[in-house]
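J.: Have a look at this one before I ask anything.
Computed from the coordinates by the stated procedures, all read-outs in this text should not be read as laboratory data. Since the structure is predicted, the reported quantities are computational estimates derived from the model, not experimental observations. Please note: Cβ atoms are built from the backbone with ideal geometry, for glycine as well, and neighbour counts cover all protein chains shown.
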Ligand code: C2E
Ligand code: CA
Ligand code: CA
Ligand code: CA
């Protein structure tokens, strides 16, 4: 049917990517899911290894597609970045996450909420005003919000990143460098950014207890981070021995399946009830 194929023909080269129509229809469905508020956020606790206190959470999007079932973020986030739909997703995620954060605060849990930004968000000049409005709406202080962005995203658009991230930091919003250690780090750029936290990529952490080389790398990143004034979080902590090692190395925060999987709000509340939560 030539007419049905027309939009794809105009926009894309079928020969170059035979999956294109399917990916476009997935992005159409994502747009609808955002508009209908049909996505969910799961929250993964961030814990202080030395005290066991839960001090924050990372919001991670979850999409159950009406026909395909669960679609993992790694498969639709890159597409949403390509098509620009990510900006809508980010706005939706910020609103949902900050409302959740306000609900926890009302229940007496003062947690810092981490939300992921992508490279395309760095071109969204309206983001600081939107965040201001959401903070005003929820009554949360700006430093309760932390934005996670990967090194590779920053290095892809360094000047734009610096301008936008400084505007956000001027408001008191905190900045975290995600997947630290796997991108092309440029300290020349990082030191121009108001970085609060670096997050050691989970590839260095998952077998920490049994890999001397990973221990050397993680320990070095912690010392480097601290000497630059950053808090250091390790993600992907999958066993107790690794968590103990991180405590000994002075790592500030840990996140991973051993502590908790990303949890839906009800399960997160249960988790908080069974752990000392602090701010
Ligand atoms: P990320 O930001 O590095 O998020 C951490 C990922 O590691 C999450 O996968 C989380 O479920 C997983 N994880 C946590 N603990 C462990 C562990 O102990 N072991 C292992 N093997 N994995 C662990 P998830 O939720 O599938 O998200 C994958 C990626 O998709 C995220 O990586 C992030 O880049 C992106 N993403 C997820 N939600 C959002 C969102 O709302 N906005 C944007 N821009 N990106 C998102
Ligand atoms: Ca992240
Ligand atoms: Ca990460
Ligand atoms: Ca990642």
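J.: Per 5 Å bin, what is the whole-percent P(r) computed from every C-alpha pair distance within the chain?
T.: Computed distribution, short to long bins: 1, 5, 12, 15, 17, 17, 14, 9, 5, 3, 1, 1, 0.
J.: Going by alpha carbons, how many degrees (0 to 90, nearest 10) lie between the helix axis of 86-106 and the longest principal axis of the chain?
T.: 40 degrees
J.: May I ask for the angle, rounded to the nearest 10°, between helix 2-11 and the longest principal axis of the chain, with both axes built from Cα atoms and the value confined to 0 to 90°?
T.: Taking the Cα atoms of the chain, the angle to 2-11 is about 50 degrees.
J.: Still on this structure, I have one more. Before anything else, pin down the relative contact order of segment 21-133: Cα pairs under 8 Å, at least 6 apart, normalised by residue count, whole percent.
T.: Reported as a whole number, the value is 25 percent.
J.: Run the simple label-point estimate for residue 67 and residue 274 please: 7 Å along Cα→C-beta, distance reported in nm.
T.: 3.9 nm
J.: Quick check on the chain: of the DSSP beta bridges with both residues there, what percent are antiparallel, nearest 5%?
T.: The antiparallel fraction comes to roughly 35 percent.
J.: Among 41, 246, 228, determine the one that fluctuates most according to a GNM of the chain built with springs between C-alpha atoms less than 10 Å apart.
T.: 228
J.: Where is the GNM fluctuation largest for the chain (alpha-carbon springs, 10 angstrom cutoff): 221, 32, 131?
T.: Greatest mean-square fluctuation among the candidates belongs to 32.
J.: Rank these for me by crowding, 146, 113, 264, going from fewest to most other beta carbons within 10 Å.
T.: Fewest to most other Cβ atoms nearby, the residues stand as 264, 146, 113.
J.: In whole percent, what relative contact order does the chain give with Cα contacts below 8 Å and a gap of six or more residues?
T.: Answer for the chain is 20 percent.
J.: To make sure I understand, if each residue's beta carbon is the centre and we count other beta carbons within 10 Å, what order do 218, 163 fall in, fewest to most?
T.: 163, 218
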